[in-house]
Each structure stands twice: as C-alpha cells, then as structure tokens.
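Beneath this line is the structure, given in structure tokens, with notes to follow.
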Amino acid sequence: MWRGCRPLCWGLSPAARLPRSPPGPAGRGAGRPGGGRAYAPPAERKRFYQNVSISQGEGGFEINLDHRKLKTPQAKLFTVPSEALAIAVATEWDSQADTIKFYTMHLTTLCNTALDNPTQRNKTQLIRAALKFLETDTVCYRVEEPAALAELQKNEWDPVVAWVEKRYNVAIGSSTSILGPSIPASTKETFVSHLASYNSWALHGIEYVITQLKSLVLSMALIDRHVTVEKAVLLSRLEEEYQIQRWGNVEWAHDYDLCELRARAAAGTLFVHLCSESSTIKHKLLQD
Amino acid sequence: MAALGPPLRTLRALLRELRHAGGRAGRPYRHAPAYRHVLAAFRAHRVTSEKLCRAQQELHFQAATYLCLLRSVREHAALHQEYHGKGERSPEEVAGLVGFRLPQQPGGKG
C-alpha cells in the first residue's frame, strides 16, 4: 500500500451532470458461478473533459475543465494564489489519459487540503505538528552496528545536520540511544519563529514534506535549496538504500516506494516555493 | 547550493517530460500552458546584470523539482500499472495456474 492516507480528491462540481461511479465489487461479481467473486480494482472515473484552461478570478487563479470550474471536495471554488501553481495543476489534470488517477495528482491534493483544511488546523497547530518531528528526526537516530551503516550515516547525515545547525544557529546533535537526542528549548523556539514566517498555504506544504521525509532537518535543507529532492529522498531512505545495496533491489516494492516518495516530496517542495514567492521583473534599458 | 548541473540539461529534460505529459486533447504539446510558461521563465532569466543571480538559481531549482515531480509520477504510474494494477485472479485462473479446472456444476454448488 502506498504511504499516507487516501488522498482527498474528487474535485468535481456537484452540480455537474456526470455519470456516477459504478458500484463496488459486490455488483460486479453477481454473475459468477457458485457465488464466488474475484476482486477487481474499483473502476476509475473516465476523463470527461477535453480541455483544461486557467482563468483569473477575484480570489486568484481558477482551473476550468471544458467549461466547468474545478471545485474542491468540500465544494469550494478551487482558487490558487499563484499562476505558476495553477499552470502546474492544470498540467496534472491534462496529463490524465483515459482514466483519472487521483493518486498521481499530488499538487491538486495539496491545494485541496490547503483550501478545505478538513482537520481545521490553524498556523500554530500546523507548526506544532511539524515541530513534533524534530524529537524523532530520522537523521538524529544513529545505529551502532553494522559498522558500515553507522559509518554511512555519519558521512551522509552529519554534513546536513551541521549545515542546518549553522544556518539557523541552533544545536541539534545526534544520538544512538533509544530515546533520541535531547533538543534544547531554544532550538524549538527558533524553528517555531522561522516557520511562523510562512503563510498558511506554505505551512501545509511544509508539514506535508516533513511527514513524507520523516525528518524536519532534511525538509528544512530541502526547502532552503541546500539539497535536491533526489538527494533528500536518498538521505531519508539511507538505511533502505544500504540494505538494497547489500541484499538486492525489488522493483515492485523498492522502486515503487522510491518513486512515490520522490513525487510527494517534489510536489510538497514545489508547492511551498510557489506559495511563498513573488516575482517582479525589472527591465533595464540600455542607453544607446 | 545543491549540485544541479547545467541549466540547459534541466530545461531540456523538463521540456521532454512536458511533451510526454501534454498534448492529449489534440492540441500540440507546444501550446500547452506549462510548456510556454517554462520557456518564457527561462528566457526571462537568461540575461541579468549580476554574475551570481539568486533568482536564476531559484528558478533552476524549481525547474529541477518540477522535473523530478513529473518524472517520478510517470515512473510511479508505470510501476503501478505493471505490478499492482491488475487486481486478483479469478478462481478459474488460479486453478489453471496449477493445471486444474473447476468442475462444471449445472445445478449450483452443494
């Protein structure tokens, strides 16, 4: 099964006349001899639109599927503040072939979560949830044996921890005990005040990246552009990579998880950057 | 700053991914909004008066992140389709795996 819970997305206007999804396996198996039925994967929605386009409304940018406006699962209008983000979401919808695969549309899921806020969390609660990962941060938990893995952890994780410590002027450290490192309160306060400088959309994205990578240190390094997405995912899965090198790779499990983690981390990072940037272009004319 | 390599390589890979991802509705991929937006952004950042341009690096990082997203979504969907997308086998197929056939019981079971 994939990491995380089922993504919330249907994204369809309830007022639109659309064919309802067919019933579950019970309906399908009724014709089999002896009453036995095989499980077939639930039929996915077919792609019901031809064109995906973007328009600008009062709240921001909206997505149009043919002539219908996209809505969130809670039937709010789907508006994003940034044009680049709207274009990326439109590309996600446009890249669906015959059926709509919601589990591939990570940016849409993130936008829906930020718009609907189904768990009703404000900024403080989001920051607290993010900070909770610091006490059980992946890069702070070291093993003692096997020695090769301990060495690998030291060589790969120590530079990132040192960079984050220097950048935010905090003390994090690492530990081999089961209780983990003891994080001083000043460190937590520094991170709280840093995270408070992001707006609530970006905070949803940050918390998502931290949950996927299971590490606050790696997420901060990623969002501050110190490491690429592939490198951050590699560092997050360091022990798995070590075991893969030792025992071999299983494509349908390891590669599957790797691609999914990369997709989610990349989507989260892109979401954070697109929600918290603003760009201006200054044209300088040459004086002839 | 992350080791990203030359921006041209990232741009070409990103445009190739967008070419695979778009153009579904019959319109050529070149008219897709994402394709045009990426090209325009890279052109706009090409010429600056500074030697080390932070906006250029930010754009390059964003492009690399988007490339990673598109590529891994495509690979994940392909892996899913190949290994996990087919559901269970029916009882007839399972019997056939070991060379058996289910009995024909015209009156129903039992």
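The values are calculated or read from the model by the stated rules, or taken from the named source; none is laboratory data. Just so it is clear, the model here is predicted, and its values are computed rather than measured. Every residue, glycine as well, gets a Cβ built from its backbone with ideal geometry; the counts of neighbours run over all protein chains shown.
Criterion first (touching a Ser or Thr at 6+ places or on another chain (Cβ under 7 Å) and small (Gly, Ala, Ser)) does residue A:236 satisfy it?
yes
Only one residue in B:79, B:67 is touching a Leu at 6+ places or on another chain (Cβ under 9 Å) and either assigned to a loop (DSSP other than H, G, I, E, B) or modelled with pLDDT of 90 or more (or both), so which one is that?
Unique residue meeting the criteria: B:67.
Among the candidates A:160, A:143, A:170, A:164, which residue alone is touching a helix residue (DSSP H, G or I) at 6+ places or on another chain (Cβ under 8 Å), assigned by the TED database to the domain that holds residue A:218 and closer than 30 Å to residue B:17 by Cβ?
Step by step, each of A:160, A:143, A:170, A:164 is checked, and only A:160 is touching a helix residue (DSSP H, G or I) at 6+ places or on another chain (Cβ under 8 Å), assigned by the TED database to the domain that holds residue A:218 and closer than 30 Å to residue B:17 by Cβ.
Looking at (1) part of a loop (DSSP other than H, G, I, E, B); (2) facing chain A (nearest Cβ under 7 Å), find the lone condition where residue B:73 falls short.
The number of the failed condition is (1).
Can you pull out the residues in the range A:186-195 that are in contact (Cβ under 8 Å) with a residue 12 or more places away in the chain and surrounded by fewer than 12 Cβ atoms within 10 Å (Cβ to Cβ)?
A:186
Find all pairs meeting these conditions: Cβ atoms under 7 angstrom apart; at least six residues apart or on different chains; first residue within the range B:87-110 and surrounded by 10 or more Cβ atoms within 10 Å (Cβ to Cβ); second residue of a type in the set (Ser, Thr, Tyr).
Pairs found: B:87/A:39; B:88/A:39.
For the range A:79-124, enumerate the residues that are of a type in the set (D, E, K, R) and either part of a helix (DSSP H, G or I) or out of contact with any Lys or Arg (no Cβ under 8 Å at 6 or more places or on another chain) (or both).
Result: A:83, A:92, A:94, A:101, A:116, A:121, A:123.
Which one of these is surrounded by 15 or more Cβ atoms within 10 Å (Cβ to Cβ), under 25 Å from the mean Cα position of the chain (by Cα) and outside any helix (DSSP H, G or I): A:127, A:183, A:172?
Answer to the selection: A:172.
Take residue A:226 and tell me if it is part of a loop (DSSP other than H, G, I, E, B) and either assigned by the TED database to the domain that holds residue A:156 or modelled with pLDDT of 95 or more (or both).
Yes, satisfied.
If you go through the range A:242-278, how many residues are within 11 Å of chain B (Cβ to nearest Cβ) and either of a type in the set (S, T, N, Q) or farther than 16 Å from residue A:104 by Cα (or both)?
10
Looking only at the range A:239-272, count how many residues are surrounded by fewer than 16 Cβ atoms within 10 Å (Cβ to Cβ) and among the basic types (Lys, Arg).
Going through the range A:239-272 one residue at a time, the tally reaches 1.
Of all residues in the range B:48-64, which are within 8 Å of chain A (Cβ to nearest Cβ), at pLDDT below 90 and surrounded by 14 or more Cβ atoms within 10 Å (Cβ to Cβ)?
B:55, B:57, B:58
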